[in-house]
Amino acid sequence: MEKRRLGQSSLEVSPITFGCNVFGWTADEKMSFALLDAWVDAGFNFLDTADVYSRWHPGNSGGDSEVIIGKWLKARGNRDKIVLATKLGIEMAPGKKGLSRAYMQTAVEDSLRRLQTDYVDLYQSHRDDPETPIEETLSAYGELIKQGKVQEIGASNYSADRLAESLKISTQNGLPRYQSLQPQYSLVERTELEGKLEDLCLAEKVGVIGYYSLASGFLTGKYRSRADTEGRARGSRVAKYLDDYGFGVLKALDEVAARYEAKPGQIALAWLIARPSVTAPIASATNLEQLAELAEAADIELDAESIQKIDTASQPR
């Protein structure tokens, strides 16, 4: 499988990132192991998680996804074959959040312990921390890199202005540079990235690894009515797309999918992969059938006419 360079970093990643937020939530440990095995067997190497996954699930306290990945890495002995990304900054417990130097030193140790590894390939600021000077955060990342605990760094949920300021401070002070950006980005959620932020990423060669690439499953086509969302873990997140705009996007995906003998979700991912700013969209699966569909999406190369058709149907409302 052809790998892609993430930003200007040393990392070479597969064209789709597996989103590990489902581990310990909608995929138990046994299924998580099976999904990880199948992902690697299919030729992919990029995993994205966060310390806070999946704190929102009843009975979980955060770190659940990292713990499962750590057990799998130890059992398989394949750490050198994986590009492992995790994040910090969202509250894990009272007083445990943000991007201060002191907290970052604690957070990385906690993640490394859970992941059962000595280093993280890509350590990301999960969200901006306006209470901590950018220079302090980047300097702390520099220390973690010197200690061998982190290879490269990325940002998530940053505005164009704050990302630009961070990149400027990196250059001026010789500090580590954000090599990737993780925004929400899909065919039905284009406004957060496109425009000023995407232009910045292209100009500065920052790789985009957007999340919710399939809009919580809506773009797979499995939600066509309100009834389809009932009893589903992500049903409440999908309801807002059940309108003329959302159905128009699905119609375009259905038509292109028919031409390629593919499924709507595969075409949605192929559109993202073809986007010049995007390195590897993040997508999740909770069973092996879903994972096989994800994997096949990496082999679909859309022609210009198909890209234009989807692009037109999904223009932000």
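Collect the residues in region 39-78 that are charged (D, E, K, R) and farther than 19 Å from ARG4 by Cα, keeping them in residue-number order.
If the condition is that a residue be charged (D, E, K, R) and farther than 19 Å from ARG4 by Cα, then ASP51, ARG55, ASP64, GLU66, LYS71, LYS74, ARG76 are the ones that fit.
Give SER61, SER54 a once-over and let me know the one that is of a type in the set (Ser, Thr, Tyr), part of a loop (DSSP other than H, G, I, E, B) and out of contact with any helix residue (DSSP H, G or I) (no Cβ under 9 Å at 6 or more places or on another chain).
SER61
Please specify each residue of region 72-91 satisfying the condition of being closer than 23 Å to TYR178 by Cα, open to solvent by less than 30 Å² (accessible area, probe 1.4 Å) and in a loop (DSSP other than H, G, I, E, B).
Correct list: ILE82, GLY89.
Could you count how many residues in region 191-200 are under 16 Å from the mean Cα position of the chain (by Cα) and either of a type in the set (Ser, Thr, Tyr) or open to solvent by less than 10 Å² (accessible area, probe 1.4 Å) (or both)?
Adding up the residues that qualify gives 1.
Output yes when any residue across region 56-64 is of a type in the set (A, V, I, L, M, F, W, C) and modelled with pLDDT under 95, and no when none is. If you could, list the steps in order and put the result at the bottom.
Restricting attention to region 56-64, the residues satisfying the condition of being of a type in the set (A, V, I, L, M, F, W, C) are 56.
Subset that is modelled with pLDDT under 95: 56.
Yes, there is a match, as at least one residue in region 56-64 is of a type in the set (A, V, I, L, M, F, W, C) and modelled with pLDDT under 95.
TYR123: assigned to a loop (DSSP other than H, G, I, E, B) and of a type in the set (Phe, Trp, Tyr), yes or no?
no
Would you pick out the residues in region 235-265 that are closer than 17 Å to GLU293 by Cα, part of a helix (DSSP H, G or I) and of a type outside the set (A, V, I, L, M)?
Result: ASP254, ARG259, TYR260, PRO264, GLY265.
Could you please find all residues in region 108-120 being within 20 Å of the chain's Cα centre (by Cα) and part of a loop (DSSP other than H, G, I, E, B)?
Taking region 108-120 as the starting set, the residues that turn out to be within 20 Å of the chain's Cα centre (by Cα) are 108, 111-112, 114-115, 119-120.
Within region 108-120, just TYR119 meets the criteria.
Are there any pairs with C-beta distances below 6 angstrom linking a residue in region 38-66 that is open to solvent by 10 Å² or more (accessible area, probe 1.4 Å) to a residue that is of a type in the set (Lys, Arg), with the two at least 6 apart or on different chains, and if so which?
GLY62/ARG55
Condition test on ALA285, is it more than 22 Å from THR191 (Cα to Cα), open to solvent by less than 50 Å² (accessible area, probe 1.4 Å) and outside any loop (DSSP other than H, G, I, E, B)?
Values: more than 22 Å from THR191 (Cα to Cα): yes; open to solvent by less than 50 Å² (accessible area, probe 1.4 Å): yes; outside any loop (DSSP other than H, G, I, E, B): no.
In short, no.
Would you check which residues across region 15-35 are more than 16 Å from GLU296 (Cα to Cα) and either part of a helix (DSSP H, G or I) or open to solvent by 30 Å² or more (accessible area, probe 1.4 Å) (or both) and list them?
Within region 15-35, CYS20, ASN21, VAL22, TRP25, THR26, ASP28, GLU29, LYS30, MET31, SER32, PHE33, ALA34 meet the criteria.
Being open to solvent by 40 Å² or more (accessible area, probe 1.4 Å) and outside any helix (DSSP H, G or I) narrows it down to one residue among GLN105, GLN172, GLN151, GLN179; which is it?
Matching residue, one of GLN105, GLN172, GLN151, GLN179: GLN151.
Is it true that some residue in region 269-281 is at pLDDT 95 or above, within 23 Å of CYS20 (Cβ to Cβ), among the charged types (D, E, K, R) and in a helix (DSSP H, G or I)?
So far as region 269-281 goes, no, none of its residues is at pLDDT 95 or above, within 23 Å of CYS20 (Cβ to Cβ), among the charged types (D, E, K, R) and in a helix (DSSP H, G or I).
For residues that are of a type in the set (S, T, N, Q) and closer than 22 Å to LEU202 by Cα, scanning just region 254-282, find the one that is surrounded by the fewest Cβ atoms within 10 Å (Cβ to Cβ).
Among residues in region 254-282 that are of a type in the set (S, T, N, Q) and closer than 22 Å to LEU202 by Cα, the one surrounded by the fewest Cβ atoms within 10 Å (Cβ to Cβ) is SER277.
Would you please list the contacts, defined by Cβ atoms under 8 Å and residues six or more apart or on different chains, that run from a residue in region 248-269 that is of a type in the set (D, E, K, R) to a residue that is in a helix (DSSP H, G or I)?
Correct list of pairs: LYS251/ALA313; ASP254/PRO264; GLU255/LYS309; ARG259/SER306; LYS263/THR220; LYS263/ALA257; LYS263/GLU293.
Show the residue pairs that are 6+ apart or on different chains and have beta-carbon atoms under 8 Å apart, the first residue being within region 88-114 and free of Cβ contacts under 8 Å to residues at least 40 places away in the same chain and farther than 15 Å from SER61 by Cα, the second being surrounded by fewer than 18 Cβ atoms within 10 Å (Cβ to Cβ) and among the aromatic types (Phe, Trp, Tyr).
If the second residue must be surrounded by fewer than 18 Cβ atoms within 10 Å (Cβ to Cβ) and among the aromatic types (Phe, Trp, Tyr), the pairs left are LEU112/TYR119.
The values are calculated or read from the model by the stated rules, or taken from the named source; none is laboratory data. Keep in mind it's a predicted model, so treat the numbers as computed, not measured. Glycine also receives a Cβ, built like all others from the backbone with ideal geometry; neighbour counts cover every protein chain displayed. For accessibility, only protein heavy atoms count, side chains too; no ligands or nucleic acids. Shrake-Rupley method; radii C 1.70, N 1.55, O 1.52, S 1.80 Å.
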